[in-house]
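Just so it is clear, none of the values below were taken in a lab; they were calculated from the coordinates. The structure presented is a predicted model; accordingly, all values stated were derived computationally and were not measured. Please note: Cβ atoms are built from the backbone with ideal geometry, for glycine as well, and neighbour counts cover all protein chains shown.
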Amino acid sequence: MKTEQNETQKNEEVMRPGDVLRQAREEQGYSQKDIASRLRLRQTVIDDIENNNFEAAQSATFTRGYVRSYAKFVGLNEDELLSQLDKLGHAQPKEQEMQSFSRRTKREKHDNRIMSLTWVLGTVFVGLTAWWWWQSQQISQEAEIVSVTSAAQPLDESLANANTLAPSVNQTTASDASAANNSALLGETSQATTDQAPTSPALTSPVTEPATLPELEATFSPEPVIAQAPDMAEEVLKEVTLEDEATSQVAPDTDLALTFAGDCWIDIRDANGKRLDTGIKKAGETLNLNGTAPYKIVLGAPGVVKMHYKGEQVDLSVYPAGKVARLKLPQ
């Protein structure tokens, strides 16, 4: 029991760091405000140190620094006060776990993943938008070609019907005229026969028959042949003339030359993507183009187009009539 009492008395006799600092300040005649202004600290910090209230300090490292500066200012041994502070178990610096950096690293990694996902989604969205725009352009272009082709087909059919009806009308007119001539000749022959019958029936019948039959045969056969021959010759001459005109209109320095016998929608671009010409061309129009080969050509009605590439005719008969032709020159 005596040993415990002696230890208690020794602990009571030991002054704590705050008491030592306050006593030294009072002996030198300084106030807490003077110490705070000299050390550039708040007066509450000086009051906490003198009252040994070290847990109220912001950090153990700062508290030890404040005690060191306070002891140095009043002329006390700094190490002794710090050792007393350590013995009391106050204001000992503790190792802090380095969690902030790892958390920051994890957060940055998470943010990087989010940014990468955002970029991927943005790229996919832009790609889908571009693909949709391209598809809409293709669909509109196809619709325009189909509408032009469908509009050109009735014109081609009407022209074909007109060409078909013209020979039949000519043949009908020629046949009507020949029939009228034949009926007139028959009437004259019958009248001549009746007039000559009373005089000598036995002699006139063998004489008149050979005379009239050659005339009838001559009147039946030559007229249709003579009437149709000039028409056929004129059609052949027209076709030859059109081909000669198409060939003569090809310029010597022209890469592409097109001649249109009917309405046709076209779209022609060169290797650089430059659109050389587009739209509906009318019958009888010609087109001479130059650019960078190869050329991408779209024809709505290839059957009405004659094309020359560098002076040589391009065979378009391989493309079915009434359907869009897509070709590349040179192939």
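The gain in end-to-end length when the L128 to K87 segment is fully stretched comes to 7.5 nm, 0.36 nm per residue minus the alpha carbon separation. I need the calculated FRET efficiency for the pair N53 and R107, taking r as the beta carbon distance and R₀ as 25 Å, to the nearest 0.05. Approximately 0.10, to the nearest 0.05. In region 250-329 the Cα-Cα distances spread across 10 Å bins starting at 0 as 19, 58, 22, 0 percent of all pairs. Given their separation in residues at 0.36 nm each and the Cα-Cα distance between them, S69 and S317 gain 78.7 nm when the chain is fully extended. Summarising the label geometry, the points placed 7 Å from Cα in the beta-carbon direction at Q141 and K282 lie 2.7 nm from one another.
How far apart, in nm, are two points set 7 Å out from the Cα along the Cα-to-Cβ line at Q32 and at D79? Between Q32 and D79, the simple spin-label model gives 3.2 nm. Among residues other than L82 with Cβ under 11 Å from its Cβ, the summed charge is -1 (Lys and Arg +1, Asp and Glu -1). Placing pseudo-labels 7 Å out from each Cα toward the beta carbon at W119 and A24 gives an inter-label distance of 6.0 nm. Annotation: peptides 70-77, 272-279, ranked by per-residue average of other Cβ atoms within 10 Å with the highest first, follow the order 70-77, 272-279.
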